[in-house]
Amino acid sequence: MSEQVEELSRKFINLAWNAGTFNLLQQYCTGNFHYHTTFNEQVLDFTGYVAFVKTFRRCMPDIELVIEEVMVKGEHAMVHSILSGTIEKPFFGLPASPKLITFSAISTVEIYRGKVNSLDSMIDIAGIQRQVDAPIAVNFPLDVS
């Protein structure tokens, strides 16, 4: 069971952040899927999650997410990821810059009946701010196209 939880967690995160294949991604989540991140005060449904990731990918088109470690307990996984890229378009109050930034994220994944039911991500906002010398604006408008 733990191998299946780890595999699903890795696949779900990689399909969104590295591949951007959202139609396929939707097959791996429950109808009640919800997402929360330190970048946004709201709890987002699947459509909101897609908009959040699309916003990141549009503003940081070279973004790469590397999963460093996955720890599983029952139907829950904790995923440590490192993200890196350059900000080509301003977003979340961050200015465009050719400088490569790298930051970490810890995500918890809840699996229900073999599908992802929730994803909660804590992103190292302070680490990003130190690299770009700018405050982050939460609740930035998301790309819903």
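The values are calculated or read from the model by the stated rules, or taken from the named source; none is laboratory data. Quick caveat: nothing in here was measured; it's all calculated off a predicted structure. Here the Cβ is made from the backbone with ideal geometry for all residues, glycine too, and neighbour counts use every protein chain on show.
Odds and ends about this structure:
To keep it simple, each residue is scored yes or no on (1) more than 24 Å from ASP124 (Cβ to Cβ); (2) under 12 Å from the mean Cα position of the chain (by Cα).
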site: GLN4; (1), (2): yes, no
site: LEU8; (1), (2): yes, no
site: LYS11; (1), (2): no, no
site: GLY20; (1), (2): no, yes
site: LEU24; (1), (2): yes, no
site: GLY31; (1), (2): yes, no
site: THR38; (1), (2): no, yes
site: GLU41; (1), (2): no, no
site: ASP45; (1), (2): yes, no
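- Some residue of the range 64-76 being closer than 16 Å to ASP124 by Cα, of a type in the set (D, E, K, R) and at pLDDT 95 or above: yes
- Qualifying residues in the range 119-137 (those that are under 15 Å from TYR49 (Cβ atoms) and either touching a Pro at 6+ places or on another chain (Cβ under 9 Å) or of a type outside the set (Gly, Ala, Ser) (or both)) - the one surrounded by the most Cβ atoms within 10 Å (Cβ to Cβ): LEU119
- Residue check for ILE111: closer than 30 Å to GLU6 by Cβ, touching a Ser or Thr at 6+ places or on another chain (Cβ under 6 Å) and modelled with pLDDT of 85 or more: no
- Condition met for VAL53 (touching a residue at least 24 places away in the same chain (Cβ under 8 Å), aliphatic (A, V, I, L, M) and closer than 24 Å to GLN131 by Cα): yes
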